[in-house]
Amino acid sequence: MGSHETEPWLLENGNPKVLTREMRHGRTAHSRSSMSLRKKSDRTLVQKIRCALLRDLLSNVQEVILGTKLSILIPAVPLAIAAEIYGLARPWVFILSLLGLTPLAERVSFITEQVAFYTGPTVGGLLNATCGNVTELIIAIFALSSNKIAVVKYSLLGSILSNLLLVLGTSLLCGGIANRGVEKKYDRRQADVNSLMLLLGLLCYLLPMLFNYSAASPALTADPSLYLSRASSIVMLIAYFAYIVFQLWTHRELFEAEDEDEDGNKDSEEQAVIGLWSGIAWLVGMTVFIALLSEYVVDTIEDASDSWGLSVSFLSIILLPIVGNAAEHAGAIIFAFKNKLDITLGVALGSATQIAMFVVPLCVTVAWIMGVKMDLNFNLLETGSVALAIIVTGFTLQDGTYHYMKGLVLLLCYVVIGACFFVQRTPLNQADVTNFTLKPATNAVLGA
């Protein structure tokens with residue numbers, strides 16, 4: 001007998017707490033993609049324990065720690081902590097922390113969905129939308145506290161590029177090959193909204209860079225560019241708030257996709273497996289461990305760069321997003337195999353939009369509060385890469401159908417951009433980076 005029928009903390013008016021169709025409106029593609037990596041737990045042995053407190057505790061541990069196909073990576077969390085405490089080589093701390101962040105990020109998605117059983121569709125949707133990229137946000141905050149502005153910009157830029165080119169490209173490639181001979185269509189309206197949001201974000205990234213290039217001296221534009229970035233960040237946050245209202249309330253039908261269980265039954269009722277307060281406690285605990293491992297990543301990334309002979313820009317733009325979001329990315333690809341591209345688009349485009357329009361401007365605002373001068377100037381190479389990724393993705397999704405060739409082109413674009421940052425050697429000091437990128441424009445003006 002399942003614990004849903006016996007445990008009082010899973011009951012509502014004497015009945016199991018289930019996810020109704022109305023509550024499904026609060027679910028995001030992030031939570032749906034995470035479902036593909038979960039595995040059902042067998043509580044036969046746990047239910048034989050007579051002590052109710054111990055039974056509840058073990059049930060929670062079984063569902064939260066062992067209820068994912070990524071549980072094999074959970075030991076990386078204590079190993080990373082032990083490596084830091086006992087002074088193991090810094091590159092080992094870096095890679096163990098990255099591996100530990102992968103299952104933790106997936107478990108946060110699971111726990112927020114469990115909390116949504118009790119909070120209703122609105123709060124649940126906001127939780128899922130906010131916690132979707134909590135790992136990137138925490139890493140960025142720790143990097144800002146260490147004044148590593150370049151790491152913040154690189155890691156957030158890498159998340160946008162990986163979602164648009166790597167995740168979406170791999171999904172289209174695998175889905176196109178796996179579903180040959182099957183009608184492959186998706187709702188363009190969701191992609192159109194996300195593309196518009198990404199283009200607005202691109203405008204806000206371009207203007208500070210062009211503003212710097214338009215001046216004869218970097219000193220003349222440093223402060224005005226910073227003020228422009230902060231004003232643009234406020235505009236972007238307002239736009240993202242409107243996007244959340246659009247997604248969760250006024251036009252939520254554009255972002256919904258039919259759910260099916262493993263037997264292909266649509267809209268099957270799902271039941272809560274942990275209680276409300278247990279979910280909140282687990283969410284707080286997971287966030288603490290994510291914060292701890294994020295701090296390790298920020299502190300050791302330069303040592304790993306020196307040890308491996310790879311640039312910090314390559315580690316931040318390529319490695320951090322791939323490993324940190326591996327669970328979410330794998331879920332998107334699995335749904336593409338099942339020809340459920342609406343969910344895949346919700347993950348890839350939704351995550352890119354959240355990073356570009358929420359996390360980046362939020363980091364600028366947090367840096368402003370902390371007294372750190374972070375602007376939206378990602379420099380020419382980085383901004384050009386984002387611009388081309390957004391444009392290529394927009395062209396790829398314009399007709400509402402897909403095939404493997406579209407995915408292959410996106411994937412190859414990512415490979416070329418990755419190779420570019422692999423050979424690049426950029427100083428971490430942001431002032432040096434700014435001066436370096438402004439030299440061509442300055443020389444041109446002076447030469448004139």
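The values are calculated or read from the model by the stated rules, or taken from the named source; none is laboratory data. Because the structure is predicted, anything quoted here is derived from the model rather than measured. Cβ atoms come from the backbone with ideal geometry, glycine included; neighbour counts cover every protein chain shown. We work out accessible area using only protein heavy atoms, side chains counted, and drop any ligands, DNA or RNA first. Shrake-Rupley method; radii C 1.70, N 1.55, O 1.52, S 1.80 Å.
Observations on the structure shown:
- Just one of the numbered conditions (1) under 13 Å from the mean Cα position of the chain (by Cα); (2) crowded, with 24+ Cβ neighbours inside 10 Å; (3) at pLDDT below 85 is not true of residue 125: (1).
- Test: residue in region 59-72 that is of a type in the set (Gly, Ala, Ser) and modelled with pLDDT of 80 or more: yes
- Looking only at region 263-282, residues that are surrounded by fewer than 14 Cβ atoms within 10 Å (Cβ to Cβ) and either at pLDDT 90 or above or touching an Asp or Glu at 6+ places or on another chain (Cβ under 7 Å) (or both) come to 3 in all.
- Filtering region 70-107 to residues that are surrounded by fewer than 16 Cβ atoms within 10 Å (Cβ to Cβ), free of Cβ contacts under 8 Å to residues at least 60 places away in the same chain and of a type outside the set (Ser, Thr, Tyr) leaves 72, 75, 78, 82, 85, 87, 88.
- Filter pass, residue 185 being of a type outside the set (A, V, I, L, M), under 28 Å from residue 295 (Cα atoms) and open to solvent by 10 Å² or more (accessible area, probe 1.4 Å): no
- Among the residues of region 210-238, just one is of a type in the set (A, V, I, L, M, F, W, C), surrounded by 18 or more Cβ atoms within 10 Å (Cβ to Cβ) and out of contact with any Asp or Glu (no Cβ under 9 Å at 6 or more places or on another chain), namely 236.
- Failed item, numbered, when residue 336 is tested on (1) at pLDDT below 85; (2) touching a Cys at 6+ places or on another chain (Cβ under 6 Å): (1)
- Boolean, residue 138 is part of a helix (DSSP H, G or I), farther than 18 Å from residue 363 by Cβ and β-branched (Val, Ile, Thr): no
- Residues satisfying the stated conditions in region 283-306, i.e. open to solvent by less than 60 Å² (accessible area, probe 1.4 Å), touching a residue at least 40 places away in the same chain (Cβ under 8 Å) and either more than 29 Å from residue 424 (Cα to Cα) or among the β-branched types (Val, Ile, Thr) (or both): 283, 286, 287, 290, 291, 292, 297, 298, 300, 301
- Any hit, region 253-262, residues being modelled with pLDDT of 90 or more and crowded, with 17+ Cβ neighbours inside 10 Å: no
- Test: residue in region 143-159 that is of a type outside the set (A, V, I, L, M, F, W, C), part of a helix (DSSP H, G or I), without any contact (Cβ under 8 Å) to a residue 24 or more places away in the chain and open to solvent by 50 Å² or more (accessible area, probe 1.4 Å): no
- Considering region 325-376, the residues that are of a type in the set (Phe, Trp, Tyr) and closer than 22 Å to residue 394 by Cα include one that is surrounded by the fewest Cβ atoms within 10 Å (Cβ to Cβ), namely 337.
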